[in-house]
Amino acid sequence: MDEEVPVIPKRRWEDKRPQRLRKGMYILPSLFTTANIAMGYYAILQVTHATAAEPWHFDFAAKAIGFAVLFDGLDGRIARMTQTSSDFGRELDSLADAITFGVAPALLAWMWGFRQLPVFLTSNELTGKLIQLGAIASFLFLMAGISRLARFNITSNPQPSNPGRPGKKYFVGMPIPAGAGVIAAVVHSSGGDPISALWSCITWMLIIVTVGYLMVSTWRFYSFKDIDLRSRQPFRLIVLFGLLFAAIWFFSRWVLFVIALVYMISGVFWRLQWVFRRKRPPTAYKEASPVS
């Protein structure tokens with residue numbers, strides 16, 4: 001009597017779907033990182049086309065950097081929510097930040113605040129000095145942002161000079177997307193019209209240098225990573241986000257400027273609070289995990 005040959009059932013397509021879906025989820029954060037790079041490249045293109053006669057290119061560049069900040073926040077949060085973080089994603093995100101939040105805003109800061117001065121100022125010698133000092137200030141911003149990224153990538157347990165409670169609640173130093181956001185918010189608040197006054201130019205130079213210093217400092221800045229979007233959110237928080245979105249949609253110039261300014265001042269506030277209270281530092285401090 002012939003033995004029965006066991007029939008091995010074929011794997012159905014539905015059985016393979018979760019694994020394929022899991023592999024496909026790794027691409028999703030990288031798509032947002034690619035959009036981040038695209039916005040940075042677009043911003044650089046707009047800056048190179050901008051002139052005193054066509055200032056709207058500066059505003060377009062500032063808007064592109066603003067959208068890049070949004071994409072940068074989404075790729076990391078999506079990677080954490082879907083548990084698809086990878087070494088490749090972290091390296092790609094770091095390189096994207098160097099372009100979009102380092103090179104693009106530094107070029108925008110110089111072209112908008114200094115390069116157009118010969119059109120407005122009559123003193124060629126003074127104008128030349130301001131253009132040179134502006135180039136130096138913009139380069140310092142770029143180096144500060146790149147240094148901030150390098151320190152963020154290699155440091156697993158930094159100890160700030162004004163530590164708060166251990167955990168993922170704070171960044172050590174202003175993150176580079178926030179620094180680029182300050183530059184973009186100031187340019188966007190002007191509608192792209194370049195600086196034409198001497199004192200405005202000096203003030204702009206001080207803002208650039210201050211933002212660069214805050215990025216390489218060890219002062220703490222809120223990371224927003226303790227907000228869990230997967231949990232049930234109170235109705236008041238949903239209404240607050242809706243009102244914020246509506247305010248940005250209709251009054252983006254002033255609302256984004258205020259948000260950027262408040263976030264920059266928050267690090268100074270926490271620093272001064274520590275100076276006055278002189279609390280003893282905790283034994284450990286963990287920085288927010290790098291985004292993918």
Query raised in the report: Is it true that some residue in segment 68-85 is within 27 Å of Ala53 (Cα to Cα) and either open to solvent by less than 10 Å² (accessible area, probe 1.4 Å) or at pLDDT 90 or above (or both)?
Result: yes
Query - Conditions (1) over 23 Å from the mean Cα position of the chain (by Cα); (2) open to solvent by less than 90 Å² (accessible area, probe 1.4 Å); (3) at pLDDT below 75: number failed by Ala53 - result: (3)
Query raised in the report: Which members of segment 25-36 meet the condition of being aliphatic (A, V, I, L, M) and open to solvent by less than 50 Å² (accessible area, probe 1.4 Å)?
Result: Ala35
Query raised in the report: Looking at segment 116-145, which of its residues are more than 14 Å from Cys201 (Cα to Cα) and open to solvent by 60 Å² or more (accessible area, probe 1.4 Å)?
Result: Thr122, Asn124, Glu125, Phe139, Leu140, Met143
**Report entry** Complete set of residues in segment 174-227 that are open to solvent by 40 Å² or more (accessible area, probe 1.4 Å) and assigned to a helix (DSSP H, G or I)
**Finding:** Leu198, Trp199, Ser200, Ile202, Thr203, Leu206, Ile207, Val209, Thr210, Tyr213, Val216
**Report entry** Residue, nearest to the chain's Cα centre (by Cα), within segment 248-281, restricted to residues that are closer than 16 Å to Phe67 by Cα and open to solvent by less than 50 Å² (accessible area, probe 1.4 Å)
**Finding:** Ala260
Report summary line: The condition from (1) under 23 Å from Met205 (Cα atoms); (2) over 16 Å from the mean Cα position of the chain (by Cα) that Arg80 misses is numbered (1)
Query raised in the report: Restricting segment 146-162 to residues that are farther than 23 Å from Ala98 by Cβ and open to solvent by 20 Å² or more (accessible area, probe 1.4 Å), which is modelled with the lowest pLDDT?
Result: Asn157
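The values are calculated or read from the model by the stated rules, or taken from the named source; none is laboratory data. The structure presented is a predicted model; accordingly, all values stated were derived computationally and were not measured. We place every Cβ from the backbone using ideal geometry, glycine too, and count neighbours over all the protein chains shown. Each accessible area value is taken on the protein alone, full model and side chains, heavy atoms only, with ligands, DNA and RNA left out. Shrake-Rupley method; radii C 1.70, N 1.55, O 1.52, S 1.80 Å.
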